[in-house]
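For reference, the structure discussed in these notes is given below.
The values are calculated or read from the model by the stated rules, or taken from the named source; none is laboratory data. The structure displayed is predicted, hence computed values, not measured ones. We place every Cβ from the backbone using ideal geometry, glycine too, and count neighbours over all the protein chains shown.
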Amino acid sequence: MSTAPFRKQSATLPRPNDKRKIVEHYDFVSPYYQSLWGEHIHHGYWIRGDESKELAQLQLMEHLAELANVQTGSTVLDIGCGFGGCSLYLARKYKASATGITISPVQVEMARKAAVAAQLDVRFLLMDAEALDFPLPFDLLWSVESISHYHDHRSFFVNAARFLKPGGTFALTDWFKRADLSAAQTHKFIEPIERGMYVELETMDAYESHLLASGLQIVHRQDLSRQCAKSWDLGVNMIRDKSFWALAAKMGKHLVTNLKAFQAMRAGYSSGNFVCGLFVARKPFDITAD
């Protein structure tokens, strides 16, 4: 399937996660993000605390895959695949038949090149995650730090569950805001993240509600903030390089806002108002079937 039509934007209030802005942003910054973060564009998961960034990122995938009990030879849909790191990991380690989707044409091309270089048969498609369209369901839906970019989280989960086999698993990590924030805390700690990172943050309780409403059963729920916060200590150090700010000045105010959000991410973690979380959910077998 080619790119699905983007949903209409609000005519009144601009959204921080405007899809066309997201495409423009990731088309431009993905090669630079790759130079910053490596083959993965997600948080690291520190167990000891002294691991390299690359090992910590691998540990995040390993932790999620272990909790999801990924089976060898599974069919996998990597939703919001970035430049393909998770899809390639699952194909390599679990011999998964993996498909990755993203709305960034540049990321699709980067991911396809990475698959060729790794000699792995992984498919990457340009597709809107809020308009999934596949002929057959998957054993595993996998999404690492992508869903907060979407506009209607509840509708996304309900639709995505349609593409999961009975007994299949939905494994995800994402960004959240702490429950019961005051208006002042939201303004100070959450809104700079939302503006700079093109996301709209919900609470973990909201995602649990969405998963349950889609007919899935929660198997694991975990706050990963303590193990993942170091990512943004490293990120803030990385962007001290003047070349990134020169690039931002060339790109315009949106990239400047994005780089400033690195500091906002670290402040969100330090204050406890920002949360990185994990869910694993399963689709029950139809117990009414003969």
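Descriptive notes on the structure:
Quick grid of which residues meet (1) farther than 22 Å from SER270 by Cβ; (2) among the polar types (S, T, N, Q); (3) more than 19 Å from the chain's Cα centre (by Cα):
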{"site": "ALA115", "(1), (2), (3)": "yes, no, yes"}
{"site": "PHE156", "(1), (2), (3)": "yes, no, no"}
{"site": "THR173", "(1), (2), (3)": "no, yes, no"}
{"site": "PHE189", "(1), (2), (3)": "no, no, yes"}
{"site": "ARG195", "(1), (2), (3)": "no, no, no"}
{"site": "VAL199", "(1), (2), (3)": "no, no, no"}
{"site": "ALA213", "(1), (2), (3)": "yes, no, yes"}
{"site": "VAL219", "(1), (2), (3)": "yes, no, yes"}
{"site": "GLN227", "(1), (2), (3)": "no, yes, no"}
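- Selection of region 233-290 for residues being within 20 Å of THR203 (Cα to Cα) and assigned to a helix (DSSP H, G or I) yields ALA261, ALA264, MET265, ARG266, ALA267, GLY268, TYR269, SER270, SER271.
- The conditions of being within 28 Å of MET238 (Cα to Cα) and crowded, with 18+ Cβ neighbours inside 10 Å are met by GLY84.
- Yes/no for ASP286 being within 23 Å of SER155 (Cβ to Cβ), out of contact with any His (no Cβ under 7 Å at 6 or more places or on another chain), at pLDDT below 90 and surrounded by fewer than 20 Cβ atoms within 10 Å (Cβ to Cβ): yes
- Just one residue in the set ALA171, ALA160 is within 25 Å of GLN57 (Cβ to Cβ), among the small types (Gly, Ala, Ser), in contact (Cβ under 8 Å) with a residue 40 or more places away in the chain and in a strand (DSSP E or B); that residue is ALA171.
- Some residue of region 220-237 being over 19 Å from GLU145 (Cα atoms), touching a residue at least 60 places away in the same chain (Cβ under 8 Å) and either among the polar types (S, T, N, Q) or surrounded by 14 or more Cβ atoms within 10 Å (Cβ to Cβ) (or both): no
- Condition broken by CYS81, with the remaining ones in (1) at pLDDT 95 or above; (2) touching an Asp or Glu at 6+ places or on another chain (Cβ under 9 Å) satisfied: (2)
One line per residue, one yes/no per condition, for (1) part of a helix (DSSP H, G or I); (2) touching a Phe, Trp or Tyr at 6+ places or on another chain (Cβ under 8 Å); (3) within 20 Å of ALA229 (Cα to Cα):
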residue: GLY100; (1), (2), (3): no, yes, no
residue: LEU181; (1), (2), (3): no, yes, yes
residue: GLU202; (1), (2), (3): no, yes, yes
residue: SER209; (1), (2), (3): yes, no, no
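- Meets criteria (surrounded by fewer than 17 Cβ atoms within 10 Å (Cβ to Cβ), modelled with pLDDT of 75 or more and among the hydroxyl-bearing types (Ser, Thr, Tyr)) for SER270: yes
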